[in-house]
Every structure is written in C-alpha cells, then in structure tokens.
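Below: the structure, in structure tokens.
Since every read-out is calculated from the coordinates, none of them should be taken as a lab result. Everything numeric in this text was worked out from a predicted model, so none of it was measured. Glycine gets a Cβ as well: all are built from the backbone with ideal geometry, and neighbour counts include every protein chain shown.
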Amino acid sequence: MSNFKKFLITLIAGAIALASEFIFHQPTIAYWIVVVVGGVTTISMFIGMIETLRSGKYGIDILAITAIVATLAVGQYWASLMVLIMLTGGDSLEDYASGQASRELRSLLDNSPQVAHRLNGDAIEDIAVEDVAVGDLLLVKPGELVPVDGIVTEGESSVDQSSLTGESKPIDKKINDELMSGSLNGDAALRFKVTKAAADSQYQTLVKLVKESEAKPAHFVRLADRYAVPFTIVAYVIGGVAWFVSKDPVRFAEVLVVASPCPLILAAPIALVAGMSRSSRNGIVVKTGTTIEKLARAQSIAFDKTGTLTEGKLYVDHIQPTLTTISAEDLFRLAASAEQESTHILARSLVAHAKEQQISLLPVQNLEEVTGAGIQATINGQEIKIGKADFAAAANLTTDLTTDQTVVYIALDNHYAGYITFRDTVHPEAKATIQNLKQLGLQRILMLTGDGPAIANEIGQEVGISEIHSGCLPQEKIAVVQGLTQHVSPAVMVGDGVNDAPALAMADIGIAMGAHGSTAASESADAVILKDDLTRVSEAVRLSQDTMKIAKQSVLIGIFICVVLMLIASFGVIPTLIGAILQECIDTISILSALRARKDR
C-alpha cells in the first residue's frame with residue numbers, strides 16, 4: 001500500500017473518531033478506532049524496523065512506535081491520532097518531495113522515443129524503434145524526437161539537445177552533421193542515416209544511466225541512519241528523566257511525541273536526489289548519491305589528455321615546403337587534393353583545413369592507398385606520395401626532421417617536397433577548469449597521456465598542470481590512479497576513451513566525457529558529462545559540495561530543533577497534541593531545507 005493511501009485511511013479514521021466523540025458522544029468508540037489504526041500502523045512499522053535491522057542498517061522507527069504506544073497508554077489518544085496523521089502525512093510528503101527532486105531524471109525515461117519513420121524508396125513506414133537497423137534511412141518530422149543516432153543526409157533544421165547536453169539554445173543541423181537520439185527536431189523535416197541501433201544510441205545510454213542512478217542507494221543515507229542510535233538514546237534519556245522527576249508518565253509521552261525522526265530519514269536522501277537532479281539539469285548524470293558524497297570530499301583528480309583536456313581532433317599546424325619551386329599553399333593544395341577521398345583521420349583534417357581556408361581542391365587520378373604507409377596519386381600529371389618518411393621521401397629525404405608532433409611527409413615525382421605537422425588543440429575552458437578545481441580544494445591534479453614528454457609537458461604547461469605522466473599505457477594509468485586512491489583519496493579520474501575505462505573503474509570516482517566519448521568509458525564511470533564542456537567537471541565537484549553541505553545542514557537543523565523541543569517538553573510545557581503538530585513542523589522544515597539542493601544558485 002502506498003504512503004498516500006495510508007495517509008488517506010488515517011484521515012478517514014480520524015474523521016470517524018472525531019464524529020463519534022463530538023457528534024455522537026461516544027468517546028469509547030473514538031478511542032478504539034484510534035487504537036485499531038494505531039495498532040495496525042505500529043505493527044507495520046515494527047516489521048519494517050526488523051527488516052531494516054536485518055539489512056545491517058540502523059532504523060529510527062522505534063521512536064515513532066514508542067510515541068504512539070506511550071500516548072495510547074496514558075489515554076492521550078487524540079495526540080496518538082495526530083502522531084499517526086503526521087507520520088503517514090510525512091511519508092507522503094517524502095514521496096512527493098523525492099518525486100519533485102528527481103523530476104529531471106525521470107523525464108528522460110518518460111520521453112523515450114518509441115516510433116521511427118523508415119524510408120523505403122518513396123514510401124514511409126512506421127516501425128518500432130527497436131526494429132531500426134544500422135544503415136536504415138529515417139525521416140524525423142518537425143517537432144518529433146530523434147529516435148536513434150545518425151548522420152543527416154538531407155535537410156536543415158534547428159535541433160533542441162537540452163535534455164541531453166544541457167545546451168539552452170537549439171543547434172543547427174545540416175547534411176553530414178550528427179543527430180543524437182532523444183533530441184527534439186525543430187520546424188523542418190530531416191532525413192538521416194542510422195549509425196547506431198536503438199539499444200546503443202545516446203538516449204538509451206542515458207536511460208540506462210538514469211536507471212542505475214535511481215536503483216543504487218546512497219551511502220550518506222546509511223550514515224544518517226546511524227545517527228539514529230545516539231538520537232534515540234538522547235530522546236529516551238530526556239523522556240526518562242522527565243518521567244522520573246515528575247512521576248508523571250504523560251511527561252515521557254510528551255517528550256517522545258516531539259522526537260521527530262524525519263530529519264534523519266528524510267532530509268539526507270532528499271537532498272542527495274535533489275542534487276542528482278540539479279546535476280542532470282546541468283548536463284551531468286551522477287549515477288549514485290555515493291558519488292555525490294565522494295565528489296564533495298575529493299582530494300585528487302587525474303585527467304586523460306587526448307579528447308579530455310584536448311579536443312581529440314588533429315588540426316593543421318605548419319606547412320613546410322623544401323623545394324624552391326613550390327609554395328606552402330600549393331604544397332598543401334596537392335596534399336589535400338590527394339587525401340580528399342581517404343577516410344583516414346589526417347585526411348579529414350587536411351580536407352577540413354582546406355574548406356576552412358577556402359582552398360579549392362584539384363581532381364585526382366590513380367589514387368592508391370598503401371596500408372600502413374600512406375597514399376599515392378596523380379594530380380595534374382605529377383605523382384604525389386603522402387605518408388611516412390620512408391614511403392613518401394624514400395632515399396631523397398635530405399632534411400632531418402625531428403618532432404614529437406604528428407607529421408606527414410610529401411614527395412612529388414619521387415623528390416622530397418616538404419611536410420605538414422598537426423596539433424591537438426586544448427579545450428579553451430581547460431585552464432579555467434584546473435584553476436576552479438584548485439580553488440575547490442583538490443590537493444593533487446595530474447595529467448595522464450600516451451604521448452611523449454615534449455607534447456605532454458607543453459599541454460600541461462598550457463592548462464596549468466605540473467604533475468604529468470607521459471607515455472602511459474592503460475595498465476600504467478591504472479597504477480597511477482590506484483596510487484591516488486591509496487594515498488590521496490577520494491581520487492577522481494576523468495577520461496573519454498575505451499583505454500580510459502579501466503582507470504575510470506579503478507578510481508574512487510570515474511567521470512566520463514560522454515558527449516563524444518566511448519560507451520565503455522561511460523559505463524565504467526560513476527558520472528557522465530553529457531556536453532563537450534570541461535567546466536562541467538569542476539561544476540560537478542562544486543554541485544556535490546553544495547549538495548552535501550545542504551544535506552548536513554538539513555539533518556543538523558532538524559536534530560537541533562528536536563532536542564530543544566524535547567527539553568522544553570520535559571518540563572510539561574508542550575501538551576502531547578501540540579507536540580504532535582510541532583513534529584510535523586520539524587519534518588516540513590527539514591524537507592524544505594533539503595530541497596534547496598535542487599535549485600541552481
């Protein structure tokens with residue numbers, strides 16, 4: 001039975017009891033109605049308390065049980081009824097508050113795409129999203145959710161990705177742009193080619209993360225439960241002393257009535273769920289409340305370089321011809337023209353640079369790709385080779401080029417003609433992120449990379465990281481992270497690639513850059529950044545610290561009010577009926593305080 005139904009039954013029973021005493025003048029019937037309802041509730045709570053103890057946790061239900069039994073025993077059955085109403089009402093309020101706090105998380109589940117429009121020649125057929133296959137051509141109409149991930153093949157439209165990435169403004173999509181499932185199409189139809197099945201698409205990945213985040217319990221809730229032992233002892237001591245001194249058992253009941261357990265059993269979990277919801281709104285999916293607690297106490301953090309601190313895309317850096325008969329622009333035009341039909345990452349970088357610089361490309365003949373070496377082709381009657389030094393320049397290489405950068409060598413008619421270097425660009429927000437993390441109290445900040453020392457040190461200096469581990473293989477990254485977890489814990493690892501997944505799993509908190517990262521990294525991580533924005537890492541730490549601060553404040557505020565009221569009640573100043581009403585006031589204050597964690601500040 002839901003808590004709300006229990007609340008309604010208690011209210012109805014209370015109304016009947018009130019009518020019995022004050023309308024029909026039958027106080028005995030009113031008393032027994034309250035006894036029956038109180039007895040059923042007490043037995044239900046007692047069974048729940050035993051189950052809680054068996055699971056290895058400490059419950060605080062014994063206080064509420066004792067308060068109900070004590071008020072009935074001394075004949076204060078209206079106070080007992082008020083405790084019952086407030087208790088079941090408090091549980092209903094908890095359900096409502098938790099539901100409000102996790103609204104953003106659940107919205108991902110509620111809005112999951114169900115239908116796709118598949119193009120079959122000129123015909124359009126509606127199929128279940130689960131039946132979509134990679135390579136299918138789909139149509140997404142204006143105002144519809146994109147059902148699966150894909151590449152736009154026809155049309156232009158503005159797409160709202162806010163539920164996935166936290167970006168507030170729509171993103172313009174055109175031919176060859178990526179579409180993410182779960183994003184909302186604008187006012188024009190798009191046709192796209194499916195690149196991932198529904199189960200592997202971005203939206204379903206997020207749904208899986210949300211289900212994980214809702215299913216796993218939060219560590220701080222268990223810590224809050226452990227406060228129950230000293231709190232219960234304090235309540236019994238105050239009540240027992242008041243009874244002993246006054247020789248009046250009613251005094252014991254008056255003390256226990258105001259000993260509200262809600263600050264312990266409600267405030268902490270609601271604050272954590274609210275913090276998870278707030279993080280989700282800011283493009284950060286946090287899987288568990290435990291992750292929030294650990295992030296709030298984080299002492300060290302390690303970053304992967306490529307794709308995390310840097311964009312993970314290679315850009316043309318320098319064009320150097322070695323023949324006096326050719327200019328840098330002409331050398332680049334020949335190289336980009338030869339590479340325009342290749343799918344290699346460097347080929348894409350060359351063609352993208354040509355497009356950016358508005359350099360027209362030349363027609364290519366006799367294109368041949370030599371695996372592991374490069375390509376060769378004929379352009380304007382000249383034979384061009386691009387690739388490794390021994391392939392492109394052969395014995396005619398006369399320049400000794402030593403560089404840690406990615407480089408391709410170019411030969412024209414078997415004469416070494418020059419080279420082009422590439423660089424990986426640092427995220428513009430990387431330096432500010434590192435500074436923010438230092439301000440948030442992290443003691444050690446590291447960079448892990450498979451690149452050589454020269455490039456690693458250059459990137460580290462640019463972003464403000466002095467502790468650098470270069471030339472790292474995956475197992476070496478694990479060793480570094482393991483050392484952090486043993487000596488500077490909690491330790492955070494931030495990465496995006498498949499090779500980062502083991503280190504993410506090893507860290508106390510793994511954070512995956514999920515916008516363009518691998519599924520393996522996202523599944524291994526405790527939190528996933530949905531937008532390609534490194535500042536979300538420091539924001540995740542800040543939000544976690546703020547959430548834990550509010551959680552602890554809410555617990556302590558409630559406990560403080562309870563202790564003060566118990567001390568006042570021990571002098572017989574607070575009647576049991578008024579004490580029961582005050583208890584609900586304490587519950588409300590604690591819950592409202594905890595819900596502050598949901599608001600952006």
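Rounded to the nearest whole Hz, the Karplus-based 3J(HN,Hα) values (6.51 cos²θ - 1.76 cosθ + 1.60, θ = phi - 60°) of the stretch 232-239 follow the sequence 5, 4, 4, 4, 5, 5, 4, x, with x at glycine and proline. Amide H contacts for L440 (H built 1.01 Å from N in the peptide plane; partners 5 or more residues away or on another chain; cut-off under 5 Å): none found.
Judged by the mean number of other Cβ atoms found within 10 Å, the most tightly packed of the peptides 322-333, 145-156 leads the ranking 145-156, 322-333. Work through the residues other than G143 whose Cβ is under 12 Å from its Cβ and net out their charges, Lys, Arg +1 and Asp, Glu -1. Combined, the nearby Lys, Arg, Asp and Glu give -2. Taking packing as the residue-averaged number of other Cβ atoms within 10 angstrom, the listed peptides 6-17, 482-493, 117-128 run from highest to lowest as 482-493, 6-17, 117-128.
Please work out how much length the chain gains when fully extended from T325 to R191, using 0.36 nm per residue of separation minus the C-alpha to C-alpha distance, in nm with one decimal. If you can, show how the numbers build up before the last one.
Numbers: separation 134, 0.36 × 134 = 48.24 nm, distance 4.72 nm.
That works out to 43.5 nm of additional length.
What does the highest-first list of 278-286, 385-393, 436-444 look like by mean Cβ count within 10 Å? Could you put the intermediate results ahead of the total?
On the way: 278-286: 23.6, 385-393: 20.7, 436-444: 14.7.
Put in order of decreasing packing, that is 278-286, 385-393, 436-444.
Backbone geometry of the stretch 267-284 corresponds, through the Karplus equation with coefficients 6.51, -1.76 and 1.60 at θ = phi - 60°, to 3J(HN,Hα) couplings of 4, 5, x, 5, 4, 5, 5, 5, x, 5, 5, 4, 4, 4, 4, 9, x, 10 Hz, x marking Gly and Pro.
The string of couplings for the stretch 319-324 from the Karplus curve (6.51, -1.76, 1.60, θ = phi - 60°) is 10, 10, x, 10, 9, 6 Hz, one whole number per residue in order, with x for Gly and Pro.
The charge dipole of the stretch 312-425, taken about its Cα centre with unit charges on the Cβ of Lys, Arg, Asp and Glu (plus for the first two, minus for the last two), comes to roughly 200 debye. Each of C472, C585 was scored by other Cβ atoms within 10 Å of its Cβ. Listed from fewest to most, they are C585, C472.
Using only Cα coordinates, the Kirkwood hydrodynamic radius of the stretch 312-425 works out to 13.8 Å. Under 5 Å from the amide H of K173 lie the amide H atoms of S157, S158, V159, each residue being 5 or more positions distant or on a separate chain, with H modelled from the backbone and absent for Pro and chain starts.
Kirkwood's formula applied to the C-alpha pairs of the stretch 229-386 gives a hydrodynamic radius of 23.0 angstrom.
Counting alpha carbon pairs within less than 8 Å and at least 6 residues apart, what relative contact order, in whole percent, applies to the stretch 312-425?
Details: 217 pairs, mean separation 35.0, N = 114.
Here the relative contact order equals 31 percent.
Shown is the FRET efficiency for A128 and S158, computed with R0 = 25 Å from the Cβ-Cβ distance and rounded to the nearest 0.05: 0.40. Residues whose amide H comes within less than 5 Å of that of E144, counting only those at least five positions distant or on another chain, are N185 (H built at 1.01 Å from N in the peptide plane).
What FRET efficiency do you get for T535 and A373 if R0 is 51 Å and r is their Cβ-Cβ distance, rounded to the nearest 0.05?
Numbers: r = 41 Å, r/R0 = 0.81.
According to the calculation, E is roughly 0.80.
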